[in-house]
Amino acid sequence: MTETDGLDEGAVTWKRHAQQVAAQTWPAACLYVVATPIGNLGDFSLRAWEALRRCDAIAAEDTRTSRTLLDAWGISTPLLAAHRHNEQQAADAIVQRLAQGQRIALVSDAGAPAVSDPGARIVRRVQAAGYRVMPLPGPSAVIAALMASGATRDEEPGFAFAGFLPSKAQARRKWLARWLDWPVPVVMFETPHRLQAALADLCELAGGDRVLTVARELSKRFEEISTQPLGQVLDWLAQDPHRGQGEFVLVLHAPEQVVATEDELSADQERLMRVLLAELSVRDAARIGAAATGLPRDRLYAWALRQSP
């Protein structure tokens, strides 16, 4: 078999799957929430391609950015602006179109609409008007970074998505202090011009031994992913000026926890914790309990979680 034969077989396979996708149900009067590539245009799914071709209009966060994607895939569907500053008006216009039986797609600049991107208000408005919302899953910077981080485990697959860090230094430090208490990996977004300050705050607040994955330019040509203790991250960043460029996803790994059982608290410690839990949240009870007993906050947090019904 020649290389050309292999390409011919691939084209036949692609065409067959495209026909199968086209034959699926594509309801009218429906909002199609479509995930788009976060960098590599090859990550576009057949189902997303078919949806954007079939829809009567595409509501886009930035019509210029979306036009690049549509042109690359030969899609000529008209675009509507639906961004942070006109989302309510766009939602009303979309509902009017749905009332006429149209199919409308919703996309953001990259990744999943309505997840740290505009679109949630539109989804709520469409749902409230009684029309169907159909999600078409696809590329996600959050999931891609987690996949490459090794931060989760089969036994404890949970994680938290925190979104973009606040831009102001004081607000950022308060915000980070809240997320650092979570006993699961925390995924965050950061911009290049604030990255160094954010990493410095993370190192100071979480400690140099806490593990962080820095994922930059995911799925793009200069993709780079590094997992290391926070105390080493700033030095790693300084080793190459290109490492401060691009789009960043940070995965803060869960803190090292002492695996404790209920009977590892003394009677007095357990009594104190139960009194605190009767009045406070698990997080606040663990914080105050740690200050009162000298025990690690993470250990008390884990104990308190096990007391919940």
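Over the chain, what is the relative contact order in percent, taking alpha-carbon pairs closer than 8 angstrom and at least six residues apart? This gives 15 percent for the chain.
Helix 3-22 and the longest principal axis of the C-alpha atoms of the chain enclose an angle of approximately 90°. Classification of region 1-160 by its C-alpha gyration tensor yields an oblate form. The axis ratio a/c (a ≥ b ≥ c) is 1.5 or more, and b/c is at least a/b. Sort region 151-198 into rounded, prolate or oblate with this rule: let a ≥ b ≥ c be the square roots of the eigenvalues of the Cα gyration tensor; rounded if a/c is under 1.5, and if a/c is not under 1.5, prolate when a/b is larger than b/c, oblate otherwise. Prolate, since a/c reaches 1.5 and a/b exceeds b/c. Whole-Hz Karplus values for region 235-251 come out as 5, 4, 5, 6, 5, 8, x, 5, 5, x, 10, x, 10, 10, 10, 10, 10 Hz, taken residue by residue from phi with 6.51 cos²θ - 1.76 cosθ + 1.60 and θ = phi - 60°; glycine and proline positions read x. Across region 121-131, coupling constants 3J(HN,Hα) worked out from phi with the 6.51/-1.76/1.60 Karplus curve, θ = phi - 60°, read 5, 5, 4, 5, 5, 5, 4, 5, 7, x, 9 Hz, and Gly and Pro carry x. Shown is the FRET efficiency for Q170 and Q20, computed with R0 = 51 Å from the Cβ-Cβ distance and rounded to the nearest 0.05: 0.40.
In region 1-88, which chymotrypsin sites (Phe, Trp or Tyr not before Pro) fall in coil by DSSP and have 15 or fewer other Cβ atoms within 10 Å? Passing sites in region 1-88 are W73.
Counting only residues at least eight positions apart within a chain, or on another chain, the aspartates and glutamates with an alpha carbon under 15 Å from that of K168 are E190, D201. On a C-alpha basis, how far is the centre of region 67-103 from the centre of region 117-135 in Å? Whole number, if you could? Cα centres, region 67-103 to region 117-135: 13 Å. Under 5 Å between amide hydrogens, built in the peptide plane, is the criterion, and for F161 it picks out V187 among residues at least 5 positions away or on other chains. The packing ranking of peptides 76-82, 152-158, highest mean first, is 76-82, 152-158, where packing means the average number of other beta carbon atoms within 10 angstrom of each residue. Set against the 2.2 N^0.38 Å expectation for a compact globular protein, region 213-294 has a Cα radius of gyration ratio of 1.74. If you plug the beta carbon distance of I143 and T13 into 1/(1 + (r/R0)^6) with R0 = 30 Å, you get a FRET efficiency near 0.70. Comparing Cα centroids, region 265-289 and region 156-200 end up 27 angstrom apart. For region 111-168, the convex hull drawn through the C-alpha positions has a volume of 137 cubic angstrom per residue. Rolling a 1.4 angstrom probe over the protein heavy atoms with all chains in place gives the chain an accessible area of 53 Å² per residue. The GNM of the chain, with springs linking C-alpha atoms under 10 angstrom apart, assigns the highest mean-square fluctuation among D43, D235, D298 to D235. Sequence-distant contacts, meaning Cα pairs under 8 Å at least 6 residues apart, place the relative contact order of region 213-309 at 23 percent.
Each residue of region 60-76 was assigned a 3J(HN,Hα) from its phi angle through the Karplus expression (A = 6.51, B = -1.76, C = 1.60, θ = phi - 60°), giving 10, 4, 9, 5, 5, 5, 5, 4, 4, 5, 5, 4, 5, 9, x, 9, 10 Hz with x at Gly and Pro. For the chain, a crude dipole built from +1 on the beta carbon of Lys and Arg and -1 on the beta carbon of Asp and Glu, taken about the Cα centre, is about 1240 debye to the nearest 20. Put simply, the amide H of E224, placed in the peptide plane, has neighbours under 5 Å in R216, leaving out anything fewer than 5 places away on its chain. When Rg and Dmax of the Cα atoms in Å is calculated directly from the model, which label among (1) 17.6, 50; (2) 23.8, 77; (3) 20.0, 66 fits? Comparing each candidate, only (2) matches the computed number. In this structure, the amide hydrogen of N40, modeled 1.01 Å from its nitrogen in the peptide plane, lies closer than 5 angstrom to no residue at least 5 positions away or on a different chain. The portion of the accessible surface of the chain made up by carbon and sulfur, rounded to a whole percent, is 51 (1.4 Å probe; DNA, RNA and ligands excluded).
Placing unit charges on the Cβ atoms of the charged side chains and taking the dipole of region 152-228 about its Cα centre, the candidate lying farthest along the positive direction among A162, V211, P185 is A162.
The values are calculated or read from the model by the stated rules, or taken from the named source; none is laboratory data. Note that the structure is a prediction, hence the values are computed from the model and not measured. In this analysis, Cβ positions are derived from the backbone assuming ideal geometry, glycine residues included, and neighbour counts consider all displayed protein chains. Heads up: the accessible areas ignore ligands, DNA and RNA and are worked out on the full protein's heavy atoms, side chains in. Shrake-Rupley method; radii C 1.70, N 1.55, O 1.52, S 1.80 Å.
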